[in-house]
Amino acid sequence: MAERKFDESNFDQEVLGSDKPVVVDFWAPWCGPCRMMGPVIEKFAEEFDGKYVVGKVNVDENGDLASKYNIMSIPAIKIFKGGEEVNSAVGVQSREKLLEMLGE
């Protein structure tokens, strides 16, 4: 399954209510580093389908979510477990770094 699209209408259910760890990429289409991160997130979503929930939040379309999670620079990756943010990083991240953030 490709990465999911999270927004203000589904974030609580899909991310905070997930029984699996969730990787959220806060991004924007005009952001060069975000476009570099896109294929990494897409491959990660496919590789770990069923183990993790992986998705993206467009900060231009979801300003309230970006504000709630203090997104100042993008791409910003946040890891959620049990409805709580447990890890985060700013900038382009590798597959290995995502696994490390997830505690693997």
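Nothing in this text is a laboratory measurement; each read-out follows from the coordinates by a stated rule. Everything numeric in this text was worked out from a predicted model, so none of it was measured. When we count neighbours, we look across all protein chains shown, and the Cβ atoms used for this are built from the backbone with ideal geometry, even at glycine.
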Just a yes or no: is a residue in segment 37-48 of a type outside the set (A, V, I, L, M), without any contact (Cβ under 8 Å) to a residue 60 or more places away in the chain, farther than 17 Å from Val90 by Cβ and in contact with a Phe, Trp or Tyr (Cβ under 6 Å, 6 or more places away or on another chain)?
-> no
Ser73 is checked against (1) in contact with a Gly (Cβ under 8 Å, 6 or more places away or on another chain); (2) assigned to a strand (DSSP E or B); (3) under 18 Å from Val90 (Cα atoms) and fails just one. What number does that condition carry?
-> (2)
Are there any pairs, at least 6 apart or on different chains, whose C-beta atoms fall under 6 Å, with the first in segment 3-26 and closer than 17 Å to Val86 by Cα and the second surrounded by fewer than 17 Cβ atoms within 10 Å (Cβ to Cβ), and if so, which?
-> Leu16/Gly83; Pro21/Lys81
For segment 80-101, does any single residue satisfy the condition of being polar (S, T, N, Q) and assigned to a loop (DSSP other than H, G, I, E, B)?
-> yes
Counting residues that are acidic (Asp, Glu), which strands (runs of 3 or more DSSP E) fully inside segment 1-69 reach at least 1?
-> 22-27
Say whether the condition of being farther than 20 Å from Ala2 by Cβ, touching a residue at least 24 places away in the same chain (Cβ under 8 Å) and among the aromatic types (Phe, Trp, Tyr) is met by at least one residue in segment 63-75.
-> yes
Quick one: Ser88 ticks every box in (1) under 21 Å from Asn10 (Cα atoms); (2) surrounded by 16 or more Cβ atoms within 10 Å (Cβ to Cβ); (3) in contact (Cβ under 8 Å) with a residue 40 or more places away in the chain except a single one, so which number is it?
-> (3)
Hey, could you check segment 18-44 for residues that are farther than 18 Å from Asp64 by Cβ and small (Gly, Ala, Ser) and say which is surrounded by the fewest Cβ atoms within 10 Å (Cβ to Cβ)?
-> Gly32
